[in-house]
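A short write-up of the structure that comes next.
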Amino acid sequence: MGRPAREPLAGREQELSALRRSLDALVAGQSLVVAVHGEPGAGKTRLLAELAAAADSAGLPVRFAEVSRPPSERISEHSPAVLVIDDAHAVKWAEWLESLLRVPPSGPVLVALAYRDGCQWLPAALARSPWQVTRLSPGPLDTSAVAALMPGTPRHVCAQLVAASGGNPLFLSALAGVSPEVVLSAIDPRGLGETPLPDAVLAVAASEVLALDEVQREVAYAVAASGAPADLDVVVRAAGIPEAVVLRALDDLVAIGLVRAHGSRIAFRHQLVRAAAYQSAGVTWRTAAHRRAGKYLRAKGGPLPLQAFHAARTATYGDVAAAATLASAAEVVLDSSPATAARWVDRAMQILPHGAGERLVPLLGRALGLGGDLTRARDVLHQALATKDEPEVVRACARTERLLGRYTEAEALLARADTPGTAAERAAIAVLLDDTESCVVHARRAIAEGDEVAGHVLVALAAVRTGLRGDAGDEAGTKENGHDPWAAVRLVDGLPDAAVGDHLAGLAWVELALDRSAEAARHVRRGLDIARGTGRRSSVPELLAVDAALALRSGHLDRVRTSCAEARAVATDMGSAELAALAAAVELSAVLWQNGPEEALAAVPAPRSPWWGEIAGLAVAESHLVAGDYAACVRHIADAVGTDLGRASGRDRGTWAAHLAVALVGLDRVDEAAGFAEEAVSRGSASGHYARSHVFAALGLSAAARDEAVRAITGGPVRQARARELLAEHLAAGGDLGTARVELGKAKEGYLACGATWLSTRVRLTETRLGARAPRPRRPHGTVEALSGRELEIAELVATGLTNREVATRLFLSRKTVEGHLARVFTKLGVKSRMGVAQRLAARSS
């Protein structure tokens, strides 16, 4: 066995730990077996290589057995020793290995072997063996492991790579440099064969299939062409060879682990292998197999979607029966797999006589809209509306216009006729335009029409947008207005996925506004699972935006950036600049805290929805504040919501008031600021006490300013850290430098924990200012006590052997700054070299 390159190994920490323990046991005098088993490409060979390298580093002799012949020397001649047997399932000397496993040698030996799942004789031999056996089964790598293997790869791309490869390291290697979206499309069982696998991926994924004998290979092709999973009787018909031959070949395929049997249903081990087998079969063989399978299913009255799967690959022009099958099946899978429905309708329209497919245009438009192909969906649906205003088509077209951010056009469509069943869509548009009164009217009408899920969610959204909190303190207002946000939660949690998929983003916004982050996160996860599982991409960007908003609240700024990047990518692919702007609006605060106000102000989006625009507007106001441009902040707030905040939503008016109060303090307009700070506090804004602290400080009320800063230490981690930084400034102004440093240290810890790099850099400057204001006690020269804190920090690093450049990098300083500090260290310690520094520090320690 050759030794593979020692590339980074991620996601195998438990296996590596077990290997280290096994080597320790060997050195202690034990004989043992390490058996690594798994599917092809799982990383078995790599783990054996890691074990061999570790043994070699420990001075232990390592021998590698060949598949063709057993080791020529006695295994115990050089004990303790390691014998490595890769591909043990395929050795030509199974009897020799079984004999070894029955009778351990006299000296300590570690036998490390790897074999594929599906091998039967080796597990049986290990079960009978008196050896101590450590069994390792490396599973698929997860997103975190892939991110560690591929530094710099966006998190959502890592997730796509995991989905495309199944977490198999061999397939992951094959995907290097290949778009994971292409592979995901190629292996999608609903569109099998429509997107070819790239050559490099095909070569790896098809290798097992191409190594089979002719009969086994054709049966593997038949399994690939029959469905996922495939029914045994359909496989037999698709193969076109005698049933007994098919069954024997299937037994072989199961034994080698290429396919897995679940009762009478057969499935490939991985969709990538299925796609490779299907592509390798060739178009002529595939078409004949689909015809045979389709004929059998029609005769037996098989499931419509399975009939359509085969019909889509065999239908010819003028085949009206096939077109009817495709259209009927598309209706069946419209909600569960809209992209598949769109493909089937497209194919039906292609094979029907000219003009006969016009009746399918509305169905095609609905399928395209749900699947996220918004631009084409809009064109198709407007084409359908040109002939007839069907309620379903009107709703679908308005929904598409809304997702594209074309709210005026959507409203005009719905107003063209009083179409029944459009109340929920009217309410959805109204809440995006911050017309909460109209939203409630339409939402209640939707409930009356039977669309209870959409109606209750939209009533709840309107409630929180007007500022109702739905908690005990707001109970009277909630009942008086007939708004019960929790009615939506109770209703949604009791319904199946198909009934709630489009409404989970709205529900999560409600829960986020009510500070119910755990419930919001649960519904976001459910929504994303539904959307990704069914291909309903149209709901993905908003769900990811809510996920990012949750991450912002909890202080996970890197996750904010990751979710927003994926949301923008999906929205852009869908053709929705509006949904991309929503993602950018949510991300703006994270950009501010990580990169500073200059980058944040350069990345301001312009969504058409006033609600989503308010998200961005608040981040812009805060960017001006932290940049110290108070006049710009006041101008921005006046432009966005008016000088009296009259255009602010009830939900966010308190935050606008807090930002305005801080800006007015900065402009010495303290009397005006006081009123807005009080409004912010009265509205329960998390920033209210922060603003009032600024006002009290400007009025010279130091104690009150400190108290308000303490009260502001609430909400998410970033908000708490900012309040602590403000408290530290008030304490320092009052002369309490010791407590100020403690609070500033907590603020810095909070920033670092959240990944708020710009804020953590800024707080270091504040620390420097506080240090400059501190009285400096005289320290005797010639002793370590003479050094300042920074000088001691540099001295300790120098004493470990770091160069000036390395010290500068470690402490985020320039090299000249380090050189200046080090020169003062030499003077204060009375030494002339770096060795002298190390000796002085060592003497102090002793």
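The values are calculated or read from the model by the stated rules, or taken from the named source; none is laboratory data. Since the model is a prediction, treat every value here as computed from it, not as a measurement. Positions of Cβ are backbone-derived with ideal geometry, glycine not excepted, and every protein chain shown enters the neighbour counts.
Data overview
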quantity	calculated
Residues of the range 87-115 satisfying the condition of being aliphatic (A, V, I, L, M) and either out of contact with any helix residue (DSSP H, G or I) (no Cβ under 6 Å at 6 or more places or on another chain) or not in a strand (DSSP E or B) (or both)	ALA88, ALA90, VAL91, ALA94, LEU97, LEU100, LEU101, VAL103, VAL109, VAL111
Filter pass, LEU550 being at pLDDT 95 or above, surrounded by fewer than 24 Cβ atoms within 10 Å (Cβ to Cβ) and either in contact with a helix residue (DSSP H, G or I) (Cβ under 9 Å, 6 or more places away or on another chain) or not in a helix (DSSP H, G or I) (or both)	yes
Residue match in the range 416-423 (condition: under 26 Å from TRP612 (Cα atoms), under 32 Å from the mean Cα position of the chain (by Cα) and among the aliphatic types (A, V, I, L, M))	no
Wholly enclosed helices (runs of 4 or more DSSP H) of the range 576-644 bearing at least 1 residues under 18 Å from TRP509 (Cα atoms)	577-595, 610-626
Candidate set from the range 423-467 (those that are of a type outside the set (Asp, Glu) and on the phi > 0 side of the Ramachandran plot); member that is surrounded by the most Cβ atoms within 10 Å (Cβ to Cβ)	GLY467
Residue in the range 378-390 that is within 30 Å of ARG291 (Cα to Cα) and touching a residue at least 12 places away in the same chain (Cβ under 8 Å) present	no
Cross-chain or 6+ apart pairs with Cβ under 7 Å, the range 150-167 first and touching a residue at least 24 places away in the same chain (Cβ under 8 Å) and in a helix (DSSP H, G or I), then acidic (Asp, Glu) and surrounded by fewer than 21 Cβ atoms within 10 Å (Cβ to Cβ)	GLN160/GLU181
Selection count, the range 290-301, where residues are in contact with an Asp or Glu (Cβ under 9 Å, 6 or more places away or on another chain) and either not charged (D, E, K, R) or not in a helix (DSSP H, G or I) (or both)	1
Those residues of the range 301-358 which are over 40 Å from the mean Cα position of the chain (by Cα) and not hydrophobic (A, V, I, L, M, F, W, C), in sequence order	GLY301, THR316, TYR317, GLY318, ASP319, PRO353, HIS354, GLY355, GLY357, GLU358
Residue identified as surrounded by 14 or more Cβ atoms within 10 Å (Cβ to Cβ) and at pLDDT below 90 among ALA125, ALA114, ALA90, ALA81	ALA81
Pairs where the first residue, in the range 697-713, is in contact (Cβ under 8 Å) with a residue 24 or more places away in the chain and the second is of a type in the set (Asp, Glu) and surrounded by fewer than 17 Cβ atoms within 10 Å (Cβ to Cβ), C-beta under 8 Å, 6+ apart	ALA698/ASP668
Residues located in the range 331-350, provided they are within 23 Å of LEU403 (Cα to Cα) and outside any loop (DSSP other than H, G, I, E, B)	GLU331, VAL333, PRO338, ALA339, THR340, ALA341, ALA342, ARG343, VAL345, ASP346
Lone qualifier among LEU175, LEU210 - being among the aliphatic types (A, V, I, L, M), touching a residue at least 12 places away in the same chain (Cβ under 8 Å) and under 30 Å from VAL246 (Cβ atoms)	LEU210
Selected residue (only one of GLY650, GLY613, GLY628 is farther than 30 Å from ARG406 by Cα and surrounded by fewer than 23 Cβ atoms within 10 Å (Cβ to Cβ))	GLY628
Some residue of the range 742-750 being more than 39 Å from the chain's Cα centre (by Cα), of a type in the set (Asp, Glu) and either part of a loop (DSSP other than H, G, I, E, B) or surrounded by fewer than 19 Cβ atoms within 10 Å (Cβ to Cβ) (or both)	no
Given (1) free of Cβ contacts under 8 Å to residues at least 60 places away in the same chain; (2) out of contact with any Gly (no Cβ under 6 Å at 6 or more places or on another chain); (3) surrounded by fewer than 20 Cβ atoms within 10 Å (Cβ to Cβ), number of the condition ASP335 does not satisfy	(1)
Number of positions in the range 247-263 that are out of contact with any Gly (no Cβ under 9 Å at 6 or more places or on another chain) and either exposed (fewer than 15 other Cβ atoms within 10 Å of the Cβ) or of a type outside the set (D, E, K, R) (or both)	10
Subset of the range 80-120 [without any contact (Cβ under 8 Å) to a residue 12 or more places away in the chain and among the hydroxyl-bearing types (Ser, Thr, Tyr)]	SER99
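Conditions tested, residue by residue: (1) in contact with a Phe, Trp or Tyr (Cβ under 7 Å, 6 or more places away or on another chain); (2) over 15 Å from GLY467 (Cα atoms).
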{"residue": "ASP644", "(1), (2)": "no, yes"}
{"residue": "ALA648", "(1), (2)": "yes, no"}
{"residue": "ALA661", "(1), (2)": "yes, yes"}
{"residue": "GLY675", "(1), (2)": "no, yes"}
{"residue": "ALA680", "(1), (2)": "no, no"}
{"residue": "ALA686", "(1), (2)": "no, no"}
